[in-house]
1. What is the one condition in (1) modelled with pLDDT under 85; (2) closer than 25 Å to residue 33 by Cβ; (3) not basic (Lys, Arg) that residue 103 does not satisfy?
2. From the residues in segment 46-67 that are in a loop (DSSP other than H, G, I, E, B) and exposed (fewer than 14 other Cβ atoms within 10 Å of the Cβ), which one is nearest to the chain's Cα centre (by Cα)?
3. Quick one: count up the residues across segment 68-92 that are in contact (Cβ under 8 Å) with a residue 40 or more places away in the chain, crowded, with 16+ Cβ neighbours inside 10 Å and touching an Asp or Glu at 6+ places or on another chain (Cβ under 8 Å).
Amino acid sequence: MKMLVLTLSLYMALLTGCAAIVTKPASNAQPLTLSAESAKHIVLNVTGSDAVTGSKDWTWFKRLWPNAMKAEVEAAGRRLTIQEGDTKPAEPGTLVIVYINDYRGAQRVHDTPWVS
């Protein structure tokens, strides 16, 4: 589980670009404790501000998250589901909400295999 959290953190850092401002929890924050059932299923919801979601490359940028996370989640023996729109109850799992206030510096890479 620690590897999954580390991997998710790494992908968030990589995909947000150098212009990102990441808000970290207080240094005394405790690691997440998940039930065995919840840890088996990761539900990802990527959303953002109106300015971000209205940009011309939002669909492309939003697709980076699940594409990058899928292999890591599956390698950890878990299942990834993508949730679109407002968060809603689903089957047991861990909901990861990625809210993007702003981004810049993202560039499309021609024929990158992990971007579908």
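1. That leaves (2) as the condition not met.
2. We begin by selecting, within segment 46-67, every residue in a loop (DSSP other than H, G, I, E, B); these are 49, 54-57.
In the following step, the residues that additionally are exposed (fewer than 14 other Cβ atoms within 10 Å of the Cβ) were identified as 49, 54, 56-57.
Values: 49: 15, 54: 19, 56: 20, 57: 17 Å.
Taking the candidates together, the pick is 49.
3. Residues in segment 68-92 being in contact (Cβ under 8 Å) with a residue 40 or more places away in the chain, crowded, with 16+ Cβ neighbours inside 10 Å and touching an Asp or Glu at 6+ places or on another chain (Cβ under 8 Å): 0 in total.
The values are calculated or read from the model by the stated rules, or taken from the named source; none is laboratory data. From a predicted model like this one, the values you see are computed outputs, not experimental measurements. Cβ coordinates were reconstructed from backbone atoms using ideal geometry, including for glycine residues, and neighbour counts include every protein chain displayed.
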